[in-house]
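Heads up: the structure comes next, in structure tokens.
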Amino acid sequence: MNNLELIKIASQIRRDIVRMVSNVSSGHPGGSLGCADFLTLLYFDLMKHNPKSFEMTGSEEDIFYLSNGHISPVWYSVLARAGYFPINELSSFRKISSRLQGHPSTDKGLPGIRMASGSLGQGLSVGIGNAQVKKLNGDKQLVYTLHGDGELQEGQIWEAAMYAAFHKVDNLIATIDFNGRQIDGDVDDVMSLGDLKLKWQAFGWEVLVMNGHDYENMKDTLSQAKELTGNGKPIVILMKTEMGMGVDFMMGTHKWHGVAPNPEQLQSALSQLEETLGDF
Amino acid sequence: MKEIQVYGQKDTRSGFGEGLAELARKNQKVVGLCADLTGSLKMNAFKDQNPERFFQVGIAEANMIGIAAGMAVAGMIPYTGTFANFSTGRVYDQIRQSVAYSKKNVKICASHAGLTLGEDGATHQILEDIGMMRMLPNMTVIVPADFNQTKAATIAIAEHEGPVYLRFGRPVMPVFTDSNAPFQIGKAEVLNEGVDVTIIACGHLVWKSIEAAQELSKKGISVDLINMHTIKPLDEKAILDSVEKTSCVVTAEEHMMNGGLGDAVAQVLSRKKPCPHEYVAVNDSFGESGKPMELMKKYGIDTLDIVAAVNKVISRK
């Protein structure tokens, strides 16, 4: 898919995100907006997947796990826009009896979701397990995971990082949403991650860096990442993003991590985001 | 008292090891994960026979649970192995989110449960695990009584789609269940029929309860003895049918009084058939180093404690 089409889809997804969280006055718009371009690229261009006939095992498909489950709005919007479930279901986000739980869940059978996430640090292990079964079964498709940078403060991430390198889980591409912000402030102020590139390299991973808002750069980097698969090392991409990307007053701060815009703020946000595919 | 045949002396963890190896020969979807305790969990036969399906995770239990959950998504039946302490308390949140809430077909196999782990002491002697696991929605909780039953349960749980917590232990104990007996999840086993008192036990305390019932029968007290190998789902009918005859209950378990088998039984009794009930369990205390049987005696979960509880509960009728 060409970049212009992807940009149009992402604009609609950003509209969905701010409308969903504003609708229920809760949810996490900041990171969702920041990852809108990456998830659009994954689901509309990169991954081999079957939105119309979702199967839990996902054999012979590329698999995606959202480990930082609080950015569920962007995932739900992308899944709906890709055809996993009706677009108008986005209006049920965080409401009673909805399949679109505050954090992603398999509990109510929402197509496209294979694992609950929200309690941080667990998705890399899950992705590794899935990737190892793919290898066991001779399934050539890949497993993708997404993590917040703040999430890397969880110890389980590093248990998983050590394991994946030792066991040569080389059919896995993990991406870090490297926006430098978390709820309490800048990551460097809350709990610095140090030299993240060196850390992953020291754990035995191939490390790539990309700009999560530049489609050409993302396509090149992900293509390089795919070429690196099968070489005995897991791959991680440090994806530079801007929390709140696309809405001027949500950018440059950590404050919109988990705060929903009020009706006036929503109107301001929507005025900055083109409606390209029709609102839900 | 019905005669209970003893087939030998073995540890329940070896039942797990044998069961897993046998199961894996028939079921190619079974994978095994272990956190640096392959020998202690008796997983070596499985590992040697299925090197491509065995995954050493090192001392990283949280990661092990997550990997198992991911393998289950992809259609495998993962069996994780480590001590009960590291299988539950250490990884409760991983089990809660990635296994129980997500309904993944992971079998959490936990050895060295309870006081009978022995000399390693309280850091390793978990007495809260049954409580933690039975509180989780979607979780099945199984505590087999001896070697044969642990082996049978290990094989049977592969046919159950969903999360299972399988708890077993370290000490060598009498083997008294039939090696050919099929294991049925949620179906209690009546070991002796009696009219004076119901004893409901699980794990190593089933044998202790048999000894207690034999002692009591010498004094003319007949015991309805139930091996409650499945704590969840609990066989309520077996409890109520028995209490209909005896009108009093003693529960016996190698677990904290809070949250274990006794509390599960008490919930049934309080709602459906209130009657005197005494607990044989550890009373809000950590364990300590010592020999398994010394610890059972010191912490009040030995044969004579069951006898005393029976006398007390009958006096309350």
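The values are calculated or read from the model by the stated rules, or taken from the named source; none is laboratory data. All values reported here derive from a predicted model rather than from experimental measurement. With ideal geometry, Cβ positions are generated from the backbone for all residues, glycine too; neighbour counts draw on all protein chains shown.
What the table below lists for this structure:
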{"read-out": "Checklist (1) over 18 Å from B:Q97 (Cα atoms); (2) within 14 Å of chain B (Cβ to nearest Cβ) applied to A:G118, failing item", "value": "(1)"}
{"read-out": "Count of residues meeting criterion [more than 17 Å from B:L20 (Cα to Cα), within 14 Å of another protein chain (Cβ to nearest Cβ) and surrounded by fewer than 24 Cβ atoms within 10 Å (Cβ to Cβ)] in region B:101-124", "value": "2"}
{"read-out": "Qualifying residue in region A:135-145 (condition: in a helix (DSSP H, G or I), in contact with a Phe, Trp or Tyr (Cβ under 6 Å, 6 or more places away or on another chain) and of a type outside the set (D, E, K, R))", "value": "no"}
{"read-out": "Residue, farthest from B:A158 (Cα to Cα), within region B:168-209, restricted to residues that are over 14 Å from the mean Cα position of the chain (by Cα), among the β-branched types (V, I, T) and not in a strand (DSSP E or B)", "value": "B:V195"}
{"read-out": "B:L136, sole failed condition from (1) out of contact with any Lys or Arg (no Cβ under 9 Å at 6 or more places or on another chain); (2) surrounded by fewer than 21 Cβ atoms within 10 Å (Cβ to Cβ); (3) within 14 Å of chain A (Cβ to nearest Cβ)", "value": "(1)"}
{"read-out": "Flag for B:T140 being in the same structural domain as B:A68 (by TED's automatic domain parsing) and within 30 Å of A:M56 (Cα to Cα)", "value": "yes"}
{"read-out": "Sole residue being within 13 Å of chain B (Cβ to nearest Cβ), touching a residue at least 40 places away in the same chain (Cβ under 8 Å) and out of contact with any Cys (no Cβ under 8 Å at 6 or more places or on another chain), chosen from A:G129, A:G109, A:G123", "value": "A:G123"}
{"read-out": "Residue satisfying condition, being touching a helix residue (DSSP H, G or I) at 6+ places or on another chain (Cβ under 6 Å) and within 14 Å of another protein chain (Cβ to nearest Cβ), within set A:I87, A:I9, A:I63, A:I13", "value": "A:I63"}
{"read-out": "Region B:59-75 - residue that is farther than 23 Å from A:M56 by Cα and more than 7 Å from every other protein chain (Cβ to nearest Cβ) and, of those, surrounded by the fewest Cβ atoms within 10 Å (Cβ to Cβ)", "value": "B:I59"}
{"read-out": "Residue in region A:225-237 that is touching a Leu at 6+ places or on another chain (Cβ under 8 Å) and within 30 Å of A:E274 (Cα to Cα) present", "value": "yes"}
{"read-out": "Sole residue being assigned to a loop (DSSP other than H, G, I, E, B) and either in contact with a Lys or Arg (Cβ under 6 Å, 6 or more places away or on another chain) or surrounded by fewer than 19 Cβ atoms within 10 Å (Cβ to Cβ) (or both), chosen from A:G102, A:G121, A:G112", "value": "A:G102"}
{"read-out": "Count of residues meeting criterion [hydroxyl-bearing (S, T, Y) and over 20 Å from B:S40 (Cβ atoms)] in region B:162-193", "value": "2"}
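Residue-wise test of (1) surrounded by fewer than 18 Cβ atoms within 10 Å (Cβ to Cβ); (2) farther than 23 Å from B:D146 by Cβ; (3) acidic (D, E).
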position	(1), (2), (3)
B:L205	no, no, no
B:S209	no, no, no
B:T230	no, no, no
B:K237	yes, yes, no
B:D241	yes, yes, yes
B:E253	no, no, yes
B:M256	no, no, no
B:L261	no, no, no
